[in-house]
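Enquirer: Here it is: the structure, laid out below.
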DNA sequence: CGAATTGGTATATATATTATACCAATCATT
DNA sequence: AATGATTGGTATAATATATATACCAATTCG
């Protein structure tokens, strides 16, 4: 059994956030002291994480200024920072598993989703429409939309299982590039999901989410990753 | 972010093993020094885990002799030792998620399973038949059977997702009791799965695994858990 | 009985993390 | 341009975890 070091956990967390679009290229990460409060860590630990991230080439630290995201794409992360055997996972593997889980979840969600959650989904859909130009934002909202559907199922094991897969998916976005033309298709499928959820129509909800995921799989370039030094 | 203490990890691991049938009531756990080697831990850490387990009433330590499993069933474990919000999870939630994942996995497995893996499944089925009288053993082999099917899918995200659910399932067995009469039904369904896998017949494989899980859900008493002090 | 194994105890060590404090570079505002 | 706030850079003492060793006492087993 290995000790799970706190600064390593934070490195993973920050990489996942960057990869999932919370911070774009050149963006400044929150100040060290902010992160201390946010994650309840001491500054030494946060600094250790930053040091690791700089060694990895993920950020560039500027004294007195801040830590800035540095060309994240086109890289391969060292295995010890990846969730599991990420190396052996293709995007289609991820999509296949997501289809299984999300179909089950949206079916349940049609029974259990609350009006508030439907409102939140509508809001997210609007945000997606407004983010057509900014792919990083777009995918962030996309993922939040899916996450909310899973939560609406009210089934903890499904939520847990999806979280473990989302981990894979986050990292996969570091390597993949999606074409702008696909944005409209994605919005369309999400609208269909939302409508089906409103109508408590599990059949069409499941159909929409499956089509969406299949489309995502086909239209995504999965760029081959290259090794970088740790 | 919280530190994941090594002895806590070991406590969880040992409870999971006990709950999943590796050690029955009154059985002796491996000696401290054995566990040190097995998990690559120092003795102090292992002893801390043993101390916690004794406080929990899970084991009774006898000087010079060993640590003995003590009436594990009928208890509720402190939340910090449980995988996630176990409190809010019913057996039917677990089964629902398992159906989603295992159906997807066995469908893939029909394509990808190797002859060696089929042989292993046959072996496990034989072991199940020989363990009709020993329910603890029986459920251990049952779970191994399912685990092997998931692995045969070759899909890492599915494997990861199932592992997180299996965690819930392991713990649920601390609280649930299954009737002996169900053993024969279970064996029957497993034989059907195996046959379908041999015939590369995803439809019947999926059908068998679904029926089996539905049957398990219906025939399991989920005993209400009671709080104990930490 | 006697050797081996087991848990019980003590201690020195290394490492990770926290908590403070102060400095120098940068930024933002006037 | 001046200044006050914020930021990263550095050092240090204190605490908590885990390792590694050694020795003791109770028990198990041949």
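Enquirer: Any chance you could count how many residues in the range A:136-154 are buried (at least 20 other Cβ atoms within 10 Å of the Cβ), at pLDDT 95 or above and either in a helix (DSSP H, G or I) or out of contact with any helix residue (DSSP H, G or I) (no Cβ under 7 Å at 6 or more places or on another chain) (or both)?
Expert: 5
Enquirer: Consider only pairs whose beta carbons are under 6 Å apart and that are at least six residues apart or on different chains; among these, list those whose first residue lies in the range B:118-135 and is assigned to a helix (DSSP H, G or I) and whose second residue is loosely packed, with under 13 Cβ neighbours inside 10 Å.
Expert: If the second residue must be loosely packed, with under 13 Cβ neighbours inside 10 Å, no pairs are left.
Enquirer: Residues in the range B:16-34 that are in a loop (DSSP other than H, G, I, E, B) and away from DNA strand C (no atom under 15 Å from the Cβ): how many?
Expert: Total satisfying the criteria: 5.
Enquirer: Return the residues of the range A:1-13 that are out of contact with any strand residue (DSSP E or B) (no Cβ under 7 Å at 6 or more places or on another chain) and either within 12 Å of DNA strand D (Cβ to nearest atom) or not in a helix (DSSP H, G or I) (or both); say none if nothing qualifies.
Expert: A:1, A:2, A:3, A:5, A:6
Enquirer: Follow-up question, since we're still on this one. Please tell me if residue B:44 is more than 10 Å from DNA strand D (Cβ to nearest atom), at negative phi and loosely packed, with under 14 Cβ neighbours inside 10 Å.
Expert: Judged against the criteria, residue B:44 is not a match.
Enquirer: Inspect all residues belonging to the range B:81-91 and state whether any of them is part of a helix (DSSP H, G or I) and at pLDDT 65 or above.
Expert: Scanning the range B:81-91, I find at least one residue that is part of a helix (DSSP H, G or I) and at pLDDT 65 or above, so the answer is yes.
Enquirer: Take the residues in the range B:97-135 that are within 22 Å of residue B:217 (Cβ to Cβ) and away from every other protein chain (no Cβ under 14 Å), then tell me which one is surrounded by the fewest Cβ atoms within 10 Å (Cβ to Cβ).
Expert: B:132
Enquirer: Mind listing just one residue for me: the one in the range A:44-68 that is more than 14 Å from chain B (Cβ to nearest Cβ) and out of contact with any strand residue (DSSP E or B) (no Cβ under 9 Å at 6 or more places or on another chain) and, of those, nearest to DNA strand C (Cβ to nearest atom)?
Expert: Kept after step one, since they are more than 14 Å from chain B (Cβ to nearest Cβ), are these residues of the range A:44-68: A:47, A:50-68.
Applying the additional criterion that residues be out of contact with any strand residue (DSSP E or B) (no Cβ under 9 Å at 6 or more places or on another chain) yields A:47, A:52, A:55-57, A:63-64.
On the way: A:47: 9, A:52: 11, A:55: 15, A:56: 17, A:57: 20, A:63: 5, A:64: 3 Å.
So the residue we want is A:64.
Enquirer: Can I ask one more? Of all residues in the range B:30-40, which are within 14 Å of another protein chain (Cβ to nearest Cβ) and out of contact with any helix residue (DSSP H, G or I) (no Cβ under 6 Å at 6 or more places or on another chain)?
Expert: Taking the range B:30-40 first, the residues within 14 Å of another protein chain (Cβ to nearest Cβ) are B:35-40.
B:37, B:38, B:39, B:40, listed by residue number.
Enquirer: Consider only pairs whose beta carbons are under 6 Å apart and that are at least six residues apart or on different chains; among these, list those whose first residue lies in the range B:190-204 and is without any contact (Cβ under 8 Å) to a residue 24 or more places away in the chain and whose second residue is surrounded by 15 or more Cβ atoms within 10 Å (Cβ to Cβ) and in a helix (DSSP H, G or I).
Expert: Here the result reads B:192/B:208; B:204/B:196, each pair linking the range B:190-204 to a residue that is surrounded by 15 or more Cβ atoms within 10 Å (Cβ to Cβ) and in a helix (DSSP H, G or I).
Enquirer: Let me ask another. Could you grab the pairs with beta carbons closer than 9 Å, sequence gap of 6+ or different chains, first residue in the range B:161-188 and assigned to a strand (DSSP E or B), second one at pLDDT 80 or above?
Expert: Hits for this filter: B:176/B:91; B:178/B:138; B:178/B:139; B:178/B:186; B:178/B:216.
Enquirer: I need a count of the residues in the range B:198-230 that are at pLDDT below 95, exposed (fewer than 13 other Cβ atoms within 10 Å of the Cβ) and not in a loop (DSSP other than H, G, I, E, B).
Expert: Going through the range B:198-230 one residue at a time, the tally reaches 2.
Enquirer: Still on this structure: Given B:28, B:33, which one is exposed (fewer than 12 other Cβ atoms within 10 Å of the Cβ) and within 12 Å of DNA strand D (Cβ to nearest atom)?
Expert: Numbers: B:28 fails: exposed (fewer than 12 other Cβ atoms within 10 Å of the Cβ).
Among B:28, B:33, only B:33 is exposed (fewer than 12 other Cβ atoms within 10 Å of the Cβ) and within 12 Å of DNA strand D (Cβ to nearest atom).
Enquirer: Determine whether the range A:14-29 contains at least one residue that is under 24 Å from residue A:63 (Cβ atoms), modelled with pLDDT of 95 or more and within 14 Å of chain B (Cβ to nearest Cβ).
Expert: The answer is no, given that none of the residues of the range A:14-29 is under 24 Å from residue A:63 (Cβ atoms), modelled with pLDDT of 95 or more and within 14 Å of chain B (Cβ to nearest Cβ).
The values are calculated or read from the model by the stated rules, or taken from the named source; none is laboratory data. Predicted, not measured: the structure shown is a model, and the values here were computed from it. With ideal geometry, Cβ positions are generated from the backbone for all residues, glycine too; neighbour counts draw on all protein chains shown.
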